[in-house]
Amino acid sequence: MSYVTAGMKDALKNHVLEEVPAGGEFRAFYLKEPGHGRMNSTLFIFTPEGIVIMGDLCPGGPKNQGSISDFNYGLGWFSRPQGEWYLCSKFLRKVWQSEAALEWVQDHIKAIEKGEEAGDIEEFREIESDLQYQNLDAGHFHDALETAGYDIDGELPGEDFPRNTAGWLCALQQKFAELYQAKYAVPVAAQGNATGP
């Protein structure tokens, strides 16, 4: 499953990457649509401490506050293709979401039907219905799983990166990497051999 939707990709299809002046060990780039100024743009700031992403289009979608990476991630890392889960783990924290919990329950029901998992299928169908129609919160979902005899060992099923935020983060990083590699990266053949002729 990809967090990136077709609409996110479409929103970025005409964007270009433009480096903007920064000082010292800092580098900054705008990802923006030509002729639109800063509207629907994203500013990426690469610092010695990490990466800051902000602007109209930023993780979480339009008008969000942006995102800051974990310590010690920079331009070299961000400008290469990254797996979506790995990328998200460096910027975001997982939260319980009823949509993700519902998907997990539906997958679990299929596994019970195939004999791959144990459990009372009727209990899980009731949990599925409750998630669909009663807007269960994480606490009630936890209790329902315990009632169904499911052993929660570690992370509560349904915890995931906030999907819209993760989608925008991944879409922006993918577009940034694509444009950066095309415009700024030195092709391997042009780098030469550092150890000899």
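Could you tell me what a quarter of the Cα convex hull surface of the range 95-160 works out to, in nm² with one decimal place?
Averaging across all directions leaves 4.0 nm² for the Cα convex hull.
Tell me, in nm to one decimal, what length is gained between residue 86 and residue 147 on full extension, where the rule is 0.36 nm per residue of separation less the Cα-Cα distance?
Numbers: separation 61, 0.36 × 61 = 21.96 nm, distance 3.36 nm.
Contour length minus Cα-Cα distance gives 18.6 nm.
Only counting other Cβ atoms within 10 Å, I'd like 39, 8 sorted with the fewest neighbours first. Don't skip to the end; give the middle numbers.
Values: 39 11, 8 21.
Listed from fewest to most nearby Cβ atoms, that is 39, 8.
So what is the calculated 222 nm ellipticity per residue for the chain, using -39500 (n - 2.57) for each DSSP H run with n of 4 or more, over all residues, to the nearest 500 deg cm²/dmol?
Taken over the chain, the calculation gives -12000 deg cm²/dmol.
Which net charge results for the neighbourhood of residue 179, defined as the other residues with beta-carbon distances under 15 angstrom from its beta-carbon, given Lys and Arg at +1 and Asp and Glu at -1? All intermediate terms of the calculation are to be shown ahead of the outcome.
On the way: positive: 9, 13, 27, 32, 80, 175, 183; negative: 18, 19, 33, 178.
In short, +3.
Return the distance in nm (one decimal) between the two label points of a simple spin-label model at residue 164 and residue 10, each offset 7 Å from Cα along Cα→Cβ.
1.7 nm
Rounded to the nearest 20 Debye, what is the dipole magnitude of the chain about its Cα centre when Lys and Arg each give +1 and Asp and Glu each give -1 at the C-beta? Each step should come with its number before you reach the end.
Details: 16 positive and 30 negative charges, 374 e Å.
It comes to approximately 1800 debye.
In the chain, how does Rg compare with the Kirkwood Rh, expressed as the Rg/Rh ratio over alpha carbon atoms? Before the final figure, lay out the partial values.
Working: Rg = 21.5 Å, Rh = 19.4 Å.
With Rh from the inverse mean 1/r over Cα pairs, Rg/Rh is 1.11.
How many nm separate the modelled label positions at residue 134 and residue 116, each set 7 Å beyond the Cα in the direction of the Cβ?
Spacing of the two 7 Å Cα→Cβ label points: 2.8 nm.
Taking only pairs that are 8 or more places apart or on different chains, how many Lys pairs in the chain have Cα atoms under 30 angstrom apart?
27
Note down the Stokes-Einstein diffusion coefficient of the range 42-104 in µm²/s, whole number, using a Kirkwood radius over alpha carbon pairs, 4 °C, and 1.567 mPa s. It would help to have the intermediate numbers written out before the result.
Details: Rh = 13.0 Å.
Translational D for this selection: 100 µm²/s.
Within the range 151-187, name every residue whose backbone N is under 19 Å away from a label modeled 7 Å from Cα of residue 107 along the Cβ vector.
From the range 151-187, the list is 151-167.
Given the options 43, 172, 102, state which has the largest fluctuation in a GNM of the chain using a 10 Å cut-off (strictly under) for Cα springs.
Sorting by GNM fluctuation, first place goes to 102.
Mind checking the log10 I(q)/I(0) for the range 1-87 at q = 0.15, 0.16, 0.25 Å⁻¹? Debye, one equal scatterer per Cα, no solvent, two decimals.
Cα-only, vacuum Debye calculation for the range 1-87: -0.59, -0.68, -1.50.
Just so you know, all these numbers are worked out from the coordinates, no wet-lab data involved. Values in this document were obtained by computation on a predicted structure and should not be read as measured data. Quick reminder, even Gly has a Cβ in these numbers, built from the backbone with ideal geometry, and neighbours come from all protein chains shown.
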